[in-house]
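Visitor: Encoded as structure tokens, here's the structure I'll be asking about.
The values are calculated or read from the model by the stated rules, or taken from the named source; none is laboratory data. Just so you know, these numbers come straight off a predicted model, no measurement behind them. Cβ coordinates were reconstructed from backbone atoms using ideal geometry, including for glycine residues, and neighbour counts include every protein chain displayed.
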Amino acid sequence: MDEIQRTQGAWVVSDEQLQSELRVSITAVVVPAYRSFLGRFAQHFTAGRQTEKYIKLSADDLEGIIEELFEGSAGSMSRRRN
């Protein structure tokens, strides 16, 4: 996801309606799949087993990142995470 943010975070879609439609479409596909992944493998990612090494984002964090795409604001996304 970090590389996607770096690459696509600088992309700009100036048409607000298209920007919104892209975000909705991406969110509708990616977030449910990620939630399903987290649910299926939750028992394998327990506290104390370096979970944060493998699972860096919650589904809500991922959704927030998608909501910031296509504004050309890669720098603001990096600052938000740190």
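Visitor: Inside the stretch 13-47, can you point out the residues that are surrounded by 10 or more Cβ atoms within 10 Å (Cβ to Cβ) and not in a helix (DSSP H, G or I)?
Guide: Selection gives Val13, Asp15, Phe45.
Visitor: Spot the failing condition for Gly75; the list is (1) at pLDDT 85 or above; (2) over 11 Å from the mean Cα position of the chain (by Cα); (3) not aromatic (Phe, Trp, Tyr), and only one is missed.
Guide: Looking at each condition in turn, Gly75 falls short on (1).
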